[in-house]
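Worksheet: the structure to be examined is printed underneath.
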Amino acid sequence: MVERKEQEHLLRSAARRQLLRGEIDRRQFMTRSIAAGLGLAGASVVANYGSGSAFAQERPLTPTFYQWIEDLHPSIPQ
């Protein structure tokens with residue numbers, strides 16, 4: 001987690017320097033900052049949980065419905 005924060009800080013600092021030098025505008029700065037944060041967050045999720053489990057075919061798909069959905073749509077089979 002600390003490493004991700006450091007990487008995010010480095011990317012934001014680089015974007016800030018570009019903004020101050022006039023190489024990018026405010027919109028590009030905000031877009032890059034948000035993308036850096038989200039990208040690193042996504043990378044950490046994949047690193048922690050792996051991407052293979054999403055494609056696992058160990059068991060059949062079991063849809064789950066909340067009670068209010070069943071109340072509104074009584075035609076859903078039990």
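The values are calculated or read from the model by the stated rules, or taken from the named source; none is laboratory data. The shown structure was predicted, so the numbers you read here are calculated from the model rather than taken from an experiment. All Cβ positions, glycine included, derive from the backbone under ideal geometry; neighbour counts span all protein chains shown.
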Check your understanding: Looking at this structure, is R4 surrounded by 11 or more Cβ atoms within 10 Å (Cβ to Cβ), touching a Ser or Thr at 6+ places or on another chain (Cβ under 7 Å) and either at pLDDT 75 or above or part of a helix (DSSP H, G or I) (or both)?
Key -> yes
Exercise for review: Consider only pairs whose beta carbons are under 8 Å apart and that are at least six residues apart or on different chains; among these, list those whose first residue lies in region 17-28 and is of a type outside the set (D, E) and whose second residue is loosely packed, with under 13 Cβ neighbours inside 10 Å and outside any helix (DSSP H, G or I).
Suggested key: L19/D25
Check your understanding: Are any residues in region 7-53 of a type in the set (F, W, Y) and at pLDDT 65 or above, and if so, which ones?
Key -> F29
Practice item. Identify, from the list E58, E70, the residue that is at pLDDT 65 or above and surrounded by 10 or more Cβ atoms within 10 Å (Cβ to Cβ). Key: E70
